[in-house]
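Visitor: One structure is given below, represented as structure tokens, and several questions about it will come after.
The numbers here are math on the coordinates, done by the rules we state, and not lab data. Note that the coordinates shown come from a computational prediction; the quantities given were computed from them, not determined experimentally. With ideal geometry, Cβ positions are generated from the backbone for all residues, glycine too; neighbour counts draw on all protein chains shown.
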Amino acid sequence: MEALDVITKLLISVLIGGIIGAEREYHNKTAGLRTLMLICLGSTLFTMFSMEIGYENSPDRIAGGIVAGIGFVGAGVIFRGDTGINGVTTAATIWVTAALGMGVGAGHQYASLMGCIILVGILQAFTIIEGWMDRLNRSHMYKITCPYREKVFEHYEALMKQHNLTFRRGPQCRDQGTVSGTWEAEGSKEQHNAFIHYMLNDANVEKFEF
């Protein structure tokens with residue numbers, strides 16, 4: 001390997017990882033600037049070494065392990081949050097960044113740079129689209145605690161319907177004179193805000209979690 005070619009590939013790899021990492025860092029994701037720069041750089045180095053060490057017999061024997069190995073890194077950023085599974089997009093970004101690094105190491109710098117532009121474009125565009133969709137329809141978990149009375153849950157479910165929220169009832173419990181119930185409700189941002197405002201001003205509610 002010529003020194004200039006090696007340096008060029010490494011610099012391009014760091015640049016690609018830095019661009020993608022900066023986008024993830026800006027949105028406060030688990031895998032940020034340093035992580036994605038190192039992933040892209042490492043993938044490039046592994047690919048270059050693989051092509052050099054296994055040139056005659058199997059040039060892909062080391063690089064092939066990147067695909068499996070990067071899965072462990074991606075799995076580390078996936079976790080279950082209050083609203084479901086989080087980190088899947090970041091894990092997929094890690095996977096694609098490793099592929100771009102492999103492309104640079106194999107000598108396909110232009111394809112990798114184009115892939116980097118497309119990836120960042122997808123992340124940015126869908127952040128805007130997801131924000132717009134979230135305003136139209138979002139999911140909230142509500143927990144209401146109040147004094148026990150007949151058909152108390154039906155009363156609050158009727159209120160959700162009045163605010164055009166669709167819901168699914170969750171666990172319920174009674175503790176002496178109080179009852180509590182949980183609901184997963186879906187609707188627009190305005191519908192949720194109106195329901196929350198009503199509940200916060202309901203004197204019969206002892207505790208309201210949203």
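Visitor: Just give me a number: lysine pairs in the chain, eight or more positions apart or cross-chain, with C-alpha atoms less than 22 Å apart.
Guide: Lysine pairs, 8 or more places apart or on different chains, close enough: 9.
Visitor: Let me ask you something else. Ranking Cys40, Cys146 by Cβ neighbours within 10 Å, fewest first, what do you get?
Guide: So the residues, fewest neighbours to most, are Cys146, Cys40.
Visitor: May I ask for the angle, rounded to the nearest 10°, between helix 189-200 and the longest principal axis of the chain, with both axes built from Cα atoms and the value confined to 0 to 90°?
Guide: 40 degrees
Visitor: Something else about it: Given DSSP loops and a limit of at most 12 other Cβ atoms within 10 Å, what is the longest stretch of the chain that contains no such trypsin sites (Lys or Arg not before Pro)?
Guide: Counting only loop sites that pass the neighbour cut-off, the longest clear stretch is 62-148.
Visitor: Give the angle, between 0 and 90 degrees and rounded to the nearest 10, that separates the Cα long axis of helix 64-75 from the longest principal axis of the Cα atoms of the chain.
Guide: 20 degrees
Visitor: Run the helix sum for the chain: -39,500 (n - 2.57) per DSSP H stretch of 4+ residues, divided by residue count, reported at 222 nm to the nearest 500 deg cm²/dmol.
Guide: Result for the chain, helices only: -20500 deg cm²/dmol.
Visitor: Explain nothing, just the number: dipole magnitude of the chain about its Cα centre with +1 on each Lys and Arg Cβ and -1 on each Asp and Glu Cβ, in debye rounded to the nearest 20.
Guide: Roughly 440 debye, rounded to the nearest 20.
Visitor: Hey, another quick one. Give me, ordered by chain and number, the residues 5 or more places off Val179 or on other chains with an amide H under 5 Å from its own placed amide H.
Guide: For Val179, the qualifying residues are Cys146, Tyr148.
Visitor: Just the number, please: Stokes-Einstein D of the chain in µm²/s, Kirkwood Rh from C-alpha pairs, 10 °C, 1.306 mPa s.
Guide: For the chosen part, D equals 77 µm²/s.
Visitor: Using a 7 Å offset from the Cα along the Cα-to-Cβ direction at both Gln162 and Trp95, what is the distance between the two label points in nm, to one decimal?
Guide: Placing both labels 7 Å along Cα→Cβ, they lie 4.7 nm apart.
Visitor: Now a separate question. Quick one: angle between helix 152-162 and the longest Cα principal axis of the chain, in degrees between 0 and 90, rounded to 10, please.
Guide: Rounded to the nearest ten degrees, it is 60.
Visitor: Each residue of region 47-52 in turn: what ³J(HN,Hα) in whole Hz from Karplus with 6.51, -1.76, 1.60 and θ = phi - 60°, glycine and Pro shown as x?
Guide: For region 47-52, the Karplus curve yields 5, 5, 5, 5, 5, 7 Hz.
Visitor: Mind checking region 138-170 for chymotrypsin sites (Phe, Trp or Tyr not before Pro) that DSSP puts in a loop (not H, G, I, E or B) and that have at most 13 other Cβ atoms within 10 Å?
Guide: Of the chymotrypsin sites (Phe, Trp or Tyr not before Pro), the ones in loops of region 138-170 whose Cβ has at most 13 other Cβ atoms within 10 Å are Tyr148.
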